[in-house]
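Single-structure report; data block below.
Values in this text are rule-based calculations from the coordinates and carry no lab data. It should be emphasised that the depicted structure is a prediction, and the values quoted were computed from it without experimental measurement. Quick reminder, even Gly has a Cβ in these numbers, built from the backbone with ideal geometry, and neighbours come from all protein chains shown.
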Amino acid sequence: MIKKIDKNADRKVRHARVRKKVFGTSVRPRLCVYRSTRYIYAQIIDDITGNTLASSSSLALAESLAGKTKTESSKAVGADIAKKALEKGISEVVFDRGGYIYTGRVSAVAEGAREAGLKF
């Protein structure tokens, strides 16, 4: 019998491997990305205290992103999360791609955040 490959299970293994090395502090928190089939979510996390410092998603920005592609929406989410981070005094982050390949919507979030002034 042919088994279907569970891509999300493979992603979780990759994410666990990356999370061994990528760690967010209060000085340089972690910018974590989650990509569902319809939306993209980003949050800035301080792993020492376990607190989410800022978050943004294409679901929360749905009204302003009407008519845009998923990649364009992802770039807007990156810009929004960077704006929120800069308001809280966070200028540098560690990027956590969440086990996803760094292309398409994931790289668009990073691109949007960099253009808005976040350093990583």
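Taking amide hydrogens as placed 1.01 Å from N in the peptide plane, the amide H of Leu53 sits under 5 Å from those of Ile44, Ile45, Asp46, each at least 5 positions away in sequence or on another chain. Gyration tensor over the Cα atoms of the chain: the corresponding equivalent ellipsoid has semi-axes (square roots of 5 times the eigenvalues, largest first) of 24, 20, 11 Å. Among Val13, Val93, Val109, which one moves the most in a GNM of the chain with springs linking Cα atoms closer than 10 Å? It is Val13.
On a C-alpha basis, how far is the centre of the stretch 1-15 from the centre of the stretch 43-120 in Å? Whole number, if you could? About 26 Å separates the Cα centre of the stretch 1-15 from the one of the stretch 43-120. Binning all Cα-Cα separations of the stretch 64-116 at 10 Å, short to long from zero, yields these whole-percent fractions: 27, 51, 21, 1. Highest GNM mean-square fluctuation among Ser91, Ser74, Ser57, for the chain modelled with Cα contacts below 10 Å: Ser91. When both bridge partners sit in the chain, DSSP labels roughly 75% of those beta bridges antiparallel.
Adding -39500 (n - 2.57) for every DSSP H run of four residues or longer, then dividing by how many residues the chain holds, sets the calculated 222 nm ellipticity at -11500 deg cm²/dmol. Comparing Lys20, Lys12, Lys75 in a Gaussian network model of the chain, where Cα atoms under 10 Å apart are tied by springs, the biggest mean-square fluctuation is seen for Lys20. For Ile48 and Lys7, the FRET efficiency from 1/(1 + (r/R0)^6), where r spans their Cβ atoms and R0 equals 35 Å, is about 0.65.
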